[in-house]
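Working notes, structure below.
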Amino acid sequence: MLSEERRQEIANFLRSRRARLQPEQVGLPRGSRRRTPGLRREEVAALAGVSTEWYTWLEQARDVRPSEAVLQRIAAALRLEPGEAHHLLTLAGYDRNDLRNGGSPPTTLSPPVQRLLDQLEPCPAWVFGERWDILGWNRAATVIWGDLGALQGIERNAMYQSFMSPRLRRMLVDWEAHARSMVAKLRLAHARHVDDAWFNELIQVLRENSAEFAAFWGAHDVQLPRTGVKVYEHPEAGRLAFDYLHLDIVDERLAALRLIAYIPVPGTGTRERVERFLQHEPATTAVAS
């Protein structure tokens, strides 16, 4: 049986995806009496091969238990991207990849993983868990995050710092686009932890303290991890451009970890600037303003 919180997450997500899909995208006529944007519930139900009443119950967070096959048909009807379809299935309890045993994970990495991070310098690299808590990092990562060792609890969280650190927000070029992408990735992970107070603590803190996070979270966008480029205007090191990679790793005590590595973009002088900065600066720069 799904919890009320999970049923509500499913309902909110389905409504948000239905509202963005136009009739023409699924081969339906728009008609002249359509008063609201997006598809009607009966149209989604027909495309998915379920009754309108049953689909309405699903969007009303009623106590129904959809099968995996039905959810896959609904995902197809709503033209969900692969990450969105995965998100929907995970919300409904069909996640085959959830390896955690529940509760808050340890806050430190095993020595081999930490040694790997150290070997990646001068590439900034760090490891975070499912809630984006930063569990380990190398010295080069302090070029981006500052002195992570001085931060405690939820403050040592990549999502928290990205929204709550004025310094980091000023540094990251095109902050809003990257922040939206980060929230979409966090919501994908959240599907496994809708009932988890430990995970929801972060969501609550950010929604209460950042109107931007609250708006991005309310959009119900989801996104699979992907590669890309981030550019920073560092106040001391100068302009830094990095390709970034997401690598899933398995620690001896933690099942779900992600290693983030920033690779200096060739020809931009980023590698040289990072190396010069690390030669002259101790790893004690504060992230907060």
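The values are calculated or read from the model by the stated rules, or taken from the named source; none is laboratory data. Note that the structure is a prediction, hence the values are computed from the model and not measured. Quick reminder, even Gly has a Cβ in these numbers, built from the backbone with ideal geometry, and neighbours come from all protein chains shown.
Quick check on my filter: what residues within segment 163-174 are surrounded by 15 or more Cβ atoms within 10 Å (Cβ to Cβ), touching a residue at least 12 places away in the same chain (Cβ under 8 Å) and part of a helix (DSSP H, G or I)?
The answer is 163, 164, 167, 168, 171.
Quick one: which residue in 79, 30, 73 is in contact with a helix residue (DSSP H, G or I) (Cβ under 7 Å, 6 or more places away or on another chain), part of a loop (DSSP other than H, G, I, E, B) and either over 25 Å from residue 217 (Cα atoms) or hydroxyl-bearing (Ser, Thr, Tyr) (or both)? Even if it seems obvious, please write down each step before you answer.
Numbers: 79 fails: either over 25 Å from residue 217 (Cα atoms) or hydroxyl-bearing (Ser, Thr, Tyr) (or both); 73 fails: part of a loop (DSSP other than H, G, I, E, B).
Sole residue among the options that is in contact with a helix residue (DSSP H, G or I) (Cβ under 7 Å, 6 or more places away or on another chain), part of a loop (DSSP other than H, G, I, E, B) and either over 25 Å from residue 217 (Cα atoms) or hydroxyl-bearing (Ser, Thr, Tyr) (or both): 30.
Of the residues 258, 239, only one is part of a strand (DSSP E or B), modelled with pLDDT of 95 or more and in contact with a Phe, Trp or Tyr (Cβ under 9 Å, 6 or more places away or on another chain); which? Before the answer, list the steps.
Details: 258 fails: modelled with pLDDT of 95 or more.
None of the other options fit; the residue is 239.
I'm checking my understanding of the structure. Among residues of segment 221-230 that are touching a Leu at 6+ places or on another chain (Cβ under 9 Å) and surrounded by 13 or more Cβ atoms within 10 Å (Cβ to Cβ), which one is nearest to residue 260 (Cα to Cα)?
Top of the filtered list is 225.
Determine, yes or no, whether residue 219 is farther than 25 Å from residue 142 by Cα and not charged (D, E, K, R). Walk me through it before giving the result.
Numbers: farther than 25 Å from residue 142 by Cα: yes; not charged (D, E, K, R): yes.
Criteria met by residue 219.
Could you give every pair whose Cβ atoms fall below 6 Å, whose first residue belongs to segment 224-241 and is over 30 Å from residue 83 (Cα atoms), and whose second residue is exposed (fewer than 13 other Cβ atoms within 10 Å of the Cβ), counting only separations of at least 6 or pairs across chains?
239/233
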